[in-house]
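Take a look at the structure below.
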Amino acid sequence: MNLKLKVWKQEGPDTKGYFKNLEAKEVSPDMSFLEMLDVVNQDLIKKGDEPIAFDHDCREGICGSCSMVVNGDPHGPEKAVTVCQLHMRKFKDGDSLVIEPWRAKAFPIVKDLITDRSAFDRIIQAGGYISVNTGNAPEANSIPVPKVKADAAFQDATCIGCGACVAACKNASAMLFTAAKISHLEALPQGKVESQTRVLNMIGQMDKEKFGACTNTGACSAVCPKEISLKTIAKANSLFRKAAIQKS
Amino acid sequence: MSKLDSKVPSGPMSEKWTNHKFSSKLVNPANRRKYEILVVGTGLAGASAAASLAEMGYKVKAFCTHDSARRAHSIAAQGGINAAKNYQNDGDSVHRLFYDTVKGGDFRSREANVHRLAEVSVQIIDQCVAQGVPFARDYGGTLGNRSFGGAQVSRTFYARGQTGQQLLLGAYSALMRQVEKGNVELLTRREMLELVKIDGKARGLIVRNLVTGELEKYSGDAVILATGGYGNVFYLSTNAKNSNATAIWRAHKQGAYFANPCYTQIHPTCIPVSGDYQSKLTLMSESLRNDGRVWVPKDKDDKRDPVEIPEAERDYYLERIYPSFGNLVPRDVASRQAKYRVDEKRGVGPTDTAVYLDFKDAINRLGKDAIKEKYGNLFQMYEKIAGEDPYSRPMRIYPAVHYTMGGLWVDYNLMSTIPGLHVLGEANFSDHGANRLGASALMQGLADGYFVIPATLGNYLNSYKLSEVTTEHSEFEKAYNTVKNRVDTILNVKGKRTVDSFHRELGLIMWENVGMSRNRKDLEKAMSEIQKLRQDFWKDVRVPGKATEKNQELEKAMRLADFLELGELMAKDAFMREESCGGHFREEHQREGEAKRNDEEFSHVAAFEWKSEKDRIFWEKHKEELSFEIVKPSTRSYK
Ligand SMILES: Cc1cc2nc3c(=O)[nH]c(=O)nc-3n(C[C@H](O)[C@H](O)[C@H](O)COP(=O)(O)OP(=O)(O)OC[C@H]3O[C@@H](n4cnc5c(N)ncnc54)[C@H](O)[C@@H]3O)c2cc1C
Ligand code: FES
């Protein structure tokens, strides 16, 4: 099949971007979306043009590198899938695709479809961990964790930190990302020890990073490739309120 | 040819590590602040090392090519991590894990390293659980296990099919905690392009800032490389697209010996290639062989739909040939058998190059929900890529390049032949011999980073009087200029062929001649073809864009230039190793299709020293003789 592409090009964070019209020819339905872009890029290079820059690495939906909006949807039209796992069989001959980077103040554009998501790292840095030095751990089975709790912790811990939640949110809020980590650690007895400082520090950092406020629209969870639940946000909010009261 | 000193401590096997820790030199806490350690890579090995060293008080700088430390290739590991906890009461022990790993490696690994690995494995699980890694648990709240290939006990800890992700997020969180405390300076989107040596010791790095293109200089007292494996020399592999050999290759060219380059692991269960646009291959975790059964039709060229082929007309060949291990034979064995079936024209799928991995019986026995609970994300991944539902039809799978057992040579302290340069994780050669058992790479990466290097680094720091060094030293300028010239040279070729077209061609040469099955004639051919391709590359590659910007084609070209040299060394090592062992299968040396070792001549680690004169590159081979005190080499049998 043949497709028409409109791809965002931008040299750097401070330059003006624009849409470039391109064609993807003889696309096989078994190609992944990124393989389709690879083919387009090979043609561009052969013609003496510059290829489209985009982040990617594992191409298995787990590293969280790939990040682009396809026809208005972060990671494209398919539910619970990153754009690297999206396959061209979801499209048909003649389709037009508009491809853009994540758009959020907290994620400045590095080049074309690549953004700077280091704000997420700084949120984790503020408290997304359990303070235990190497060598200082008790025997692993000494603290039993009910299976339902462990499974719930796992579910929230599957967040890949891609930033689709921010890209989907009209306020560009990072609440789902932040809440997923809070909720993961909160579900485990090991994580409870630092519960209060964690929630205050992580949410505090999120506010400093120019992310917008969460107004509970749910757009984040709807596009999340790992289907992180909105319940994490409710949980983080309630923990935050309690911690803030205790602190004051 | 010289002999290498592995610095394995004396004493009984089970006491070596304890004794070594006791006799190792300590750096007192107040002095650790004064040492600056440069850690390259933030995968399991790098992140755990950087965090642990910083916790001890060292000043650490950590580098990675990704935008975040959490995206290292380790994140993609699926199936699990081994540890000799014996929680299942099925007869496991440190000794058995040690034994299985030495045997699994086909008696080509260093016993003392493997024993240490088995010993610290139990601490790793404790550490990860304390960090909040949500491993699978049983209803009573204790940790669950499953089985992996090459073992008859259940010792693999897992978090569904996302174990690497959960372990890395644990190590990453420990790392970020040290960043917050100011003990680690984390430099992301940075690629090490040169090692700086001063007075023969590793003292610094030249690093390219992948956003601005600027070349940066960093000095330190020791350098740790934890930059992962080199499977991407084959172009198509299960490794992440950006995995590369550049860091270890630059170090190799500065004097670090490269050990056992030809030991490559071809993983039996991957989704087959579907077209020539294919950019990478996707693994279907070995854990699936706990419940999936591998088969092909008994008849040649049987084109029927798999669900229509009756039981009596299926050949469950692994269960037939290896009744005691069945579907859970080690990877090298399972891969070779899949290749034989395809060579016999009993392959399946659109291109006849696949075998089936079938869950029908497990679903009937345990129910669909139980299978979903164990492998949900893998089944989903398969469905997305192959466009078929693996709950109702068998998966089509075929072997693919997955892991490299070879890597930079290191001694028992994990130090390379360059003083001060330490190598951790998949980047070193140390523990897996000629074949790695499943769920052992995560174990090794974390063992190296959390427990080994923190104990052994002091031996180096305390043995030498290290002079004060800053980036003003002339060696930094020299290294900087070397890198700058290389970048400019590549950009100025301005040829006609894309980087990818060269890489695909290299990959094909490697896969066809240095892949699952190797012989003298093909290996000779591969060496000369790679030399020719390398010349063409430097004459005809086209790298658009500038040096001073985000330039992904330039990044790829620099890595490929190194792969084009490494590929030749792999073929050379495979050519020189006139035996079959583990993943290295020489057609001339087999016993009814099984690997035939030659312990008389090849019970050694082959460690290559880089040499060059004018336009010619070559290597000198050195040997570390292997001796086996405990596990006596025998013919590996899984029958
Ligand atoms: C799909 C898949 C599944 C797997 N599943 C399992 C499993 O279930 N169990 C198991 O035990 N093993 C598994 N493995 C193997 C295992 O994941 C790897 O061997 C292991 O994660 C490697 O870890 P590492 O820390 O050595 O390197 P990596 O995780 O590869 O990290 C390399 C780091 O180095 C950085 N880097 C590289 N080059 C440079 C440079 N020049 N400059 C700066 N930084 C650089 C990268 O940015 C990255 O941070 C799997 C592998 C694959 C491919
Ligand atoms: S490339 Fe890793 S999640 Fe898409």
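A short reminder: the numbers here are calculations on the coordinates, not readings from a lab. None of the values given here were measured: they were computed from a predicted structure. Glycine gets a Cβ as well: all are built from the backbone with ideal geometry, and neighbour counts include every protein chain shown.
Sort the range B:492-537 into rounded, prolate or oblate with this rule: let a ≥ b ≥ c be the square roots of the eigenvalues of the Cα gyration tensor; rounded if a/c is under 1.5, and if a/c is not under 1.5, prolate when a/b is larger than b/c, oblate otherwise.
Note, shape of the range B:492-537 comes out oblate.
Please list, by residue number, everything in the range B:183-215 whose backbone N is under 16 Å from a paramagnetic label point 7 Å out along Cα→Cβ of B:Thr482.
B:192-208
Would you mind checking the pairs B:Lys550/B:Lys614; B:Lys59/B:Lys550; A:Lys111/B:Lys241; A:Lys9/A:Lys208 and listing those with alpha carbons more than 27 angstrom apart?
B:Lys550/B:Lys614; B:Lys59/B:Lys550; A:Lys9/A:Lys208
Report the residues of the range B:345-375 in range of a label on B:Arg393: point 7 Å along Cα→C-beta, backbone N strictly under 12 Å from it.
B:349-350
Write down the percent of antiparallel bridges among all DSSP beta bridges whose residues are both part of the protein assembly as shown, to the nearest 5.
75
Calculate one ³J(HN,Hα) per residue across the range B:227-244 by plugging θ = phi - 60° into the Karplus curve 6.51 cos²θ - 1.76 cosθ + 1.60, and present them in order as whole Hz with x for glycine and proline.
Karplus-based 3J(HN,Hα) across the range B:227-244 equals 9, x, x, 10, x, 6, 4, 7, 6, 8, 7, 7, 5, 5, 4, 8, 5, 7 Hz.
What shape does the range A:118-247 take by its C-alpha gyration tensor, where a ≥ b ≥ c are the square roots of the eigenvalues and a/c under 1.5 counts as rounded, a/b above b/c as prolate, and the rest as oblate?
Here the range A:118-247 falls in the prolate category.
Relative to the Cα centre, what is the charge dipole magnitude of the range B:482-594, using +1 at the beta carbon of each Lys and Arg, -1 at the beta carbon of each Asp and Glu, and rounding to the nearest 20 debye?
Around 660 debye, computed over the range B:482-594.
Which residue fluctuates the most in chain A, going by a Gaussian network model with Cα springs under 10 Å, if the choices are A:Leu200, A:Leu86, A:Leu22?
A:Leu22
Evaluate E = 1/(1 + (r/R0)^6) for B:Ser627 and B:Leu508, where r is the Cβ-Cβ distance and R0 equals 45 Å; express this FRET efficiency to the nearest 0.05.
Approximately 0.70, to the nearest 0.05.
Magnitude of the Cβ-charge dipole of chain A, K/R +1 and D/E -1, about the Cα centre, nearest 20 debye?
1020
May I ask for the net charge around B:Met13, where only other residues with Cβ less than 12 Å from the Cβ of B:Met13 are counted and Lys, Arg are +1 while Asp, Glu are -1?
Spelling it out: positives minus negatives among the neighbours equals -1.
Once you keep just the Cα pairs under 8 angstrom separated by 6 or more residues, what percentage relative contact order results for the range B:482-594?
36
Taking amide H positions as placed 1.01 Å from N in the peptide plane, with prolines and chain starts having none, which residues 5 or more places from B:Ala259, or on another chain, fall under 5 Å of its amide H?
B:Gly407, B:Leu408, B:Trp409, B:Phe608
By the scheme Lys and Arg +1, Asp and Glu -1, what is the net charge of all other residues having a beta-carbon under 14 Å from that of B:Gly326?
-2
Hey, got the average number of other protein chain Cβ atoms within 10 angstrom for residues in B:233-242?
Averaged over the peptide's residues, the number is 3.
Net charge near B:His422, counting Lys/Arg +1 and Asp/Glu -1 over other residues with Cβ under 11 Å of its Cβ?
-2
Decide, for the range B:482-594, between rounded, prolate and oblate: order the square roots of the alpha carbon gyration tensor eigenvalues as a ≥ b ≥ c, take rounded if a/c falls under 1.5, and otherwise choose prolate if a/b is larger than b/c, else oblate.
Verdict is prolate for the range B:482-594.
For a quick check: with amide H placed at 1.01 Å from N, whose amide H comes under 5 Å from B:Thr404's, ignoring anything fewer than 5 positions away on the same chain?
Correct list: B:Tyr230, B:Gly231, B:Gln265.
Taking the Cα centre of the protein assembly as shown as origin and charging only Cβ (+1 Lys, Arg; -1 Asp, Glu), how large is the dipole, in debye to the nearest 20?
Using Cβ point charges on Lys, Arg, Asp and Glu, the protein assembly as shown gives about 1560 debye.
Volume per residue, Å³, of the convex hull around the alpha-carbon atoms of the protein assembly as shown?
Convex hull of Cα atoms, per residue: 157 Å³.
Restricting to Cα pairs below 8 Å that are 6+ residues apart, what does the relative contact order work out to for chain B? Please round to a whole percent.
21
Just how far, in whole angstrom, is the range B:292-322 from the range B:608-639 if you go by their alpha carbon centroids?
Their Cα centres are 39 Å away from one another.
Evaluate peptide B:171-181: per residue, the Cβ atoms of other protein chains within 10 Å of its Cβ; return the mean as an integer.
That average works out to 6.
With each run of n ≥ 4 DSSP H residues scored as -39500 (n - 2.57), what mean residue ellipticity at 222 nm is computed for the protein assembly as shown after dividing by its residue count and rounding to the nearest 500 deg cm²/dmol?
-11000 deg cm²/dmol
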